[in-house]
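The values are calculated or read from the model by the stated rules, or taken from the named source; none is laboratory data. Remember, it's a predicted structure, so these values are computed and weren't measured experimentally. Note: ideal-geometry Cβ built from the backbone for every residue, glycine included; neighbour counts use all protein chains shown. Note: areas computed on protein heavy atoms with side chains; ligands, DNA, RNA excluded. Shrake-Rupley method; radii C 1.70, N 1.55, O 1.52, S 1.80 Å.
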Amino acid sequence: MMEINKKEESDISFRIRNIILAWGEKNMRNFPWRHTRDPYKILIAETMLHRTKASQVNHIYDSFIMKYPDIYAIVDTGPHALKNDLKSLGLSYRGDMLYRLAAQIIEKYDGNIPDNIEDLKSLPGMGDYASSAVMCSAYNSPAPFLDTNTVRIISRVYGIKPTDSSRRSKEFKMIMNSIIDSSDTRKLMFSMLDFGAIVCTHHTPECSVCGLNRDCIFYREMK
DNA sequence: CTCCGGTTTG
DNA sequence: CAAACTGGAG
């Protein structure tokens, strides 16, 4: 009995992984912060993406990187100018946060972005999500991260009602780990984020064209 | 657990 | 007009 459940569990994870990877091959979005492995540029992107739409970040990202090409440029300009350059993204504390983040990286790590989760998480503004995202995006490290998109996909397919704390829950983390398995984490995470943003959307998801619909409890209950 | 914010979306 | 957006801090 136990073994059957385990097999079914891994079978669903296997299908989610392959279906989303295949979908990503054709539909993955093409943001500038995905063309680089430079941890600095990825760090900036994650800071901007904090509770903010990717399309909004896309508007200002390139010019921001042009103006602030490295971590020292952030500190040199000071919090006030940063705040102004990030204004269109909302969350007014973001400028101060980024300044403190850059200052600590220079002070504690001689200007080098840490390449491990523990050190990243110790920095201001860097939580579970952003730290794992840097690890995954810059180093292709198998660091699972749960954001609003991946939580929504998992909650629907598995029929688990999402709560405000789902992104920190052990249950969701374990499922995410089983989906990642030993795949190309970087490619899978980007595909999954985009799948959530384009197909498995919050309002009126595109269930009719979703490759996961026959596995999805949300879809089966909707019919 | 609650709050944050300009912009976008329904 | 309300709710959501690749979350993190207090």
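What's the ranking of A:123-129, A:75-81 by average number of surrounding C-beta atoms within 10 Å, highest first? Display every interim value, and only then the final one.
Details: A:123-129: 18.3, A:75-81: 14.6.
Ranking, from highest mean packing down: A:123-129, A:75-81.
Determine the gain in length on full extension of the stretch A:Ser88-A:Asn58; use 0.36 nm per residue of separation and subtract their C-alpha separation, reporting nm with one decimal. Intermediate results must be reported in sequence, preceding the final value.
Numbers: separation 30, 0.36 × 30 = 10.80 nm, distance 1.15 nm.
Value of the extension gain: 9.7 nm.
If packing is taken as the average count of other Cβ atoms within 10 Å, what order do A:91-98, A:59-66 fall into, highest mean first? Walk me through the intermediate numbers first.
Details: A:91-98: 16.5, A:59-66: 14.2.
Descending mean neighbour count gives A:91-98, A:59-66.
Given all pairs of different Cα atoms, what value in angstroms does the Kirkwood hydrodynamic radius of region A:32-139 take? Write down the numbers at each step before the final one.
Values: mean 1/r = 0.0732 Å⁻¹.
With all distinct Cα pairs of region A:32-139 included, I get 13.7 Å.
Using the heavy atoms of the protein chains and a 1.4 angstrom probe, tell me the accessible area per residue for region A:120-195 in square angstrom. Present the calculation step by step, with values, prior to reporting the outcome.
Working: 3040 Å² over 76 residues.
I get 40 Å² per residue for this part.
Where does chain A land at 222 nm, in deg cm²/dmol rounded to the nearest 500, when only DSSP H runs of n ≥ 4 count, each adding -39500 (n - 2.57), divided by all residues? Working shown, then result.
Details: 11 runs with 141 residues, N = 223.
Calculated from helices alone, the mean residue ellipticity at 222 nm is -20000 deg cm²/dmol.
Could you tell me what percent of the accessible area of chain A is made up of carbon and sulfur, with a 1.4 Å probe and every protein chain present?
52
Consider all pairwise Cα distances in chain A and report the whole-number % of them above 33 Å.
Details: 5057 of 24753 pairs.
Across chain A, Cα pairs with separations above 33 Å total 20 percent.
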